[in-house]
1. Report the residue count in segment 44-72 for those that are under 18 Å from Y83 (Cβ atoms), free of Cβ contacts under 8 Å to residues at least 60 places away in the same chain and not in a loop (DSSP other than H, G, I, E, B).
2. I need the full set of residues from segment 23-43 which are within 28 Å of D76 (Cα to Cα), in contact with a strand residue (DSSP E or B) (Cβ under 7 Å, 6 or more places away or on another chain) and either outside any loop (DSSP other than H, G, I, E, B) or away from ligand 2 (no atom under 16 Å from the Cβ) (or both), in order please.
3. Being part of a helix (DSSP H, G or I) and open to solvent by less than 50 Å² (accessible area, probe 1.4 Å) is the filter here; which residues of segment 73-94 pass it?
4. Sort out which residues of segment 183-207 are under 12 Å from L233 (Cα atoms) and out of contact with any helix residue (DSSP H, G or I) (no Cβ under 6 Å at 6 or more places or on another chain), and write them in order of number.
5. Given the residues H96, H60, which is the only one that is of a type outside the set (D, E), within 16 Å of ligand 2 (Cβ to nearest atom) and at pLDDT below 90?
6. Mind listing just one residue for me: the one in segment 105-131 that is among the small types (G, A, S) and under 12 Å from A146 (Cα atoms) and, of those, surrounded by the most Cβ atoms within 10 Å (Cβ to Cβ)?
7. Please verify whether L149 is open to solvent by less than 60 Å² (accessible area, probe 1.4 Å) and under 22 Å from R237 (Cβ atoms), treating the condition exactly as stated.
Amino acid sequence: MWQRIQTAVELIYPPRCLGCGDLTEADFGLCGCCWRDTLFIGGVICESCGVPLPGETDGHRIECDDCMKTPRPWRDGRAALLYDGKARSLILALKHGGRPELARPAARWMAQAGRDLLREDMLIAPVPLHWSRLLKRRYNQSALLAQHLGRQTRLEVCPDLLVRRSRTPVLDGKTASQRAEILSRAIIAHPKRTRLMQGRGVLLVDDVMTSGATLAACARVCLASGANHISVLALARVAKDT
Ligand SMILES: [Zn+2]
Ligand SMILES: [Zn+2]
């Protein structure tokens, strides 16, 4: 019966490519063209921030220069895509284009990229968005990614583990320490949720990781609120030389 309904649904709504809308064979997938234009991160990566690195792995932990110079307040970090080409337009569509349905396949890619980070009993939490931005966009794309990731990994999700109490000013042009200072005042743990993270691993989820300043602020808040260790997982990573 269910099979028949599904077939009927497919006849009415044949699967379309997430990138361009062309008909495609795989549901929630990309057509061959868009697949080639979407840069999935693979090979050698920085274990801390997920950025792709040149060379080969020797089985030891590898970190990029930035992460070695300024250690991250989290343990491991991964990202599914490079923030470029098709990945950029997919994320902008998810963020500003009112296409929340992109979050499900995106979370699947993230689960794949972050498979080494997942631990039993881990708590998934998104990077918070201020309510005024939430009104404008109607949804927090990171919370949406976190929810789908939770469904796929069967890990618990707390969408409001962290909250923004003030609207963060634009951080461009600020020094790293100024940014950290601004963010540490803006992001707090939800007073009613702190018990959830006591002694527990937390996986922080964001759509795009650029410098990692926001994720770092979130990680510090979780550690200060009793979390055991933090890992971060982003849908896309901005590479340093692009
Ligand atoms: Zn396509
Ligand atoms: Zn790194």
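1. 2
2. Residues satisfying the conditions are T38, L39, F40.
3. Residues of segment 73-94 part of a helix (DSSP H, G or I): 85-94.
G85, K86, A87, L90, I91, A93, L94, listed by residue number.
4. The initial filter retains those residues of segment 183-207 that are under 12 Å from L233 (Cα atoms), namely 202-207.
Within segment 183-207, L203 is the sole residue that qualifies.
5. Values: H96 fails: within 16 Å of ligand 2 (Cβ to nearest atom).
Going through H96, H60 in turn, the sole match is H60.
6. Per the criteria, the residue is A125.
7. On the way: open to solvent by less than 60 Å² (accessible area, probe 1.4 Å): yes; under 22 Å from R237 (Cβ atoms): yes.
So L149 fits the description; yes.
Yes/no per residue for (1) surrounded by fewer than 18 Cβ atoms within 10 Å (Cβ to Cβ); (2) closer than 24 Å to E47 by Cα:
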position: L144; (1), (2): no, no
position: P159; (1), (2): no, no
position: R164; (1), (2): no, no
position: D207; (1), (2): no, yes
position: A224; (1), (2): yes, yes
position: A227; (1), (2): no, yes
position: R237; (1), (2): no, yes
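The values are calculated or read from the model by the stated rules, or taken from the named source; none is laboratory data. Please read these numbers as outputs of a predicted model, since none were measured by experiment. Every residue, glycine as well, gets a Cβ built from its backbone with ideal geometry; the counts of neighbours run over all protein chains shown. We work out accessible area using only protein heavy atoms, side chains counted, and drop any ligands, DNA or RNA first. Shrake-Rupley method; radii C 1.70, N 1.55, O 1.52, S 1.80 Å.
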